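Novice: This is the structure I want to talk about, given as structure tokens.
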Amino acid sequence: MKEFEIHYLSTEGPGLFGGLGIGRDQKEAEAYFLEAHGSECKAITAVRFYKNR
């Protein structure tokens, strides 16, 4: 598994926020992140590899 750092625009306020997504690849990590935080995420702006687990 890999961890990805995810930057997103939030429904809770202005500015960029950050979080972690976990998965075998970037697409799976984004899905994991949206499942957990989708209600507060307007749009994902950037995803980058963080580290292997």
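Novice: Keeping all protein chains in place and using 1.4 angstrom, which order do I44, I6, I22 fall into by accessible surface area, from largest down?
Specialist: I44, I22, I6
Novice: For the chain, divide the Cα radius of gyration by the Kirkwood radius and give the resulting Rg/Rh value with two decimals.
Specialist: 0.97
Novice: Moving to a separate point now. How large a share of the accessible area of the chain, in percent, is made up of carbon and sulfur atoms when the probe is 1.4 Å and the other protein chains stay in place? Mind showing how you got there, number by number?
Specialist: Details: 1860 of 3690 Å².
Answer for the chain: carbon and sulfur cover 50 percent of the accessible area.
Novice: For the chain, what is the accessible area per residue in Å², given a 1.4 Å probe and the full set of protein chains?
Specialist: Roughly 70 Å² per residue, with all protein chains present.
Novice: To test your reading of the geometry: what angle, between 0 and 90 degrees and rounded to tens, separates the Cα axis of helix 26-37 from the longest principal axis of the chain?
Specialist: So the inclination is approximately 40 degrees.
Novice: Rank these residues by their accessible area, most exposed first, probe 1.4 Å: F17, F49.
Specialist: Order by accessible area, largest first: F49, F17.
Novice: Something else about it: With labels modelled as points extended 7 Å from the Cα through the Cβ direction, what inter-label distance (nm, one decimal) is found for I22 paired with R48?
Specialist: In this crude label model, I22 to R48 measures out at 2.3 nm.
Novice: How large is ³J(HN,Hα), in whole Hz, for each residue of the range 38-44 in order, when computed from phi with the Karplus curve 6.51 cos²θ - 1.76 cosθ + 1.60 and θ = phi - 60°, using x for Gly and Pro?
Specialist: Per-residue couplings from phi come out as x, 5, 9, 9, 7, 7, 7 Hz.
Novice: Ok, one more. How big is the charge dipole of the chain about its Cα centre, in debye rounded to the nearest 20, if each Lys and Arg gets +1 on its Cβ and each Asp and Glu gets -1 on its Cβ?
Specialist: 220
Novice: Under 5 Å between amide H atoms, partner at least 5 residues away or on a different chain: which partners does L20 have, H built in plane at 1.01 Å?
Specialist: The answer is I6.
The values are calculated or read from the model by the stated rules, or taken from the named source; none is laboratory data. As the structure is a prediction and not an experimental result, all values here were calculated from the model. All Cβ positions, glycine included, derive from the backbone under ideal geometry; neighbour counts span all protein chains shown. Side chains are part of the model used for accessible areas, which takes the heavy atoms of the whole protein and leaves out ligands, DNA and RNA. Shrake-Rupley method; radii C 1.70, N 1.55, O 1.52, S 1.80 Å.
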